Amino acid sequence: MTAPVRSTVSTSSSVDEVFDVLTSAGWVERRASRFRDGSTLVRREQRPDGALLVEVSRELPQGAPGFLTRFLPADGRVLQTDEWAPPDGSGTRSGTWQVVVPGAPARMGGTLRVQPSGTGCDYVVQGEVRVSVPLVGGRAEAFLADVVARLGRAEGELLQQALRS
C-alpha cells in the first residue's frame, strides 16, 4: 500500500528562473531559515550535460505520532536527493526526488517537473510514500503523506517569495 503525494505551484516566472532558485544553495539556506529544519547542503553536482544533483540533509518535523517514532532515526535527520535531468529542448525541466529515512522501513519519492504554463510556469511534485510495517504502515503512510503535502504548500509559498525578491 502507498499514499500519494502531489503539489503544484504556479508562478509568473520562467522555467529557468524557478529551476535556478530550486537548485541553488541559497534555496537550501532560505528553507533552513524559514522552517528551522536544519537543512544543510550535502552535495550539489552540476554535470557537463546540464543534469544536476542536489542532496540536502534536514530534520524531520516535530510531532510524529508515538507509533511512528520508534521507526525514525535517533537524530531525526533524513536525506533528500533531487536529481534533475539535462534540459530536453521542450522548455520543461524534469527530475526525480527521494527521501531516505535511515533505518526506517519507509520510502518516499517521485518526480519533479518545472513546465511552461500560459502565464509563466508550474512546479509539480508527484510521488508516493510507502511504509513497510504490518498493521501501522497505512497510518504511517497517511501521516507522512500529509507532512509532505503541508511542506510542499509551505515551500510553494516560500518559492513565490523568493521569486519576487
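Annotations
- For beta carbons closer than 8 Å, sequence separation of 6+ or different chains, a first residue in segment 81-99 that is crowded, with 16+ Cβ neighbours inside 10 Å and a second that is outside any strand (DSSP E or B) and of a type outside the set (A, V, I, L, M, F, W, C), the qualifying pairs are Asp82/Thr23; Trp84/Thr23; Pro87/Gly50; Arg93/Pro87; Ser94/Asp88.
- Hey, Leu163 touching a helix residue (DSSP H, G or I) at 6+ places or on another chain (Cβ under 7 Å) and either part of a strand (DSSP E or B) or closer than 30 Å to Ser14 by Cα (or both) or not: yes
A quick yes/no check of all residues on (1) touching a residue at least 40 places away in the same chain (Cβ under 8 Å); (2) not aliphatic (A, V, I, L, M):
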| site | (1), (2) |
| --- | --- |
| Pro102 | no, yes |
| Gly110 | yes, yes |
| Asp122 | yes, yes |
| Gln126 | yes, yes |
| Ser132 | no, yes |
| Ala145 | yes, no |
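- Taking segment 22-55 as the range and being under 18 Å from Val101 (Cα atoms) and either at pLDDT 95 or above or surrounded by fewer than 17 Cβ atoms within 10 Å (Cβ to Cβ) (or both) as the test, the residues that pass are Gly38, Thr40, Leu41, Val42, Arg43, Val54, Glu55.
The values are calculated or read from the model by the stated rules, or taken from the named source; none is laboratory data. Predicted model only: the values in this text are computed from it and were never measured. Cβ atoms come from the backbone with ideal geometry, glycine included; neighbour counts cover every protein chain shown.
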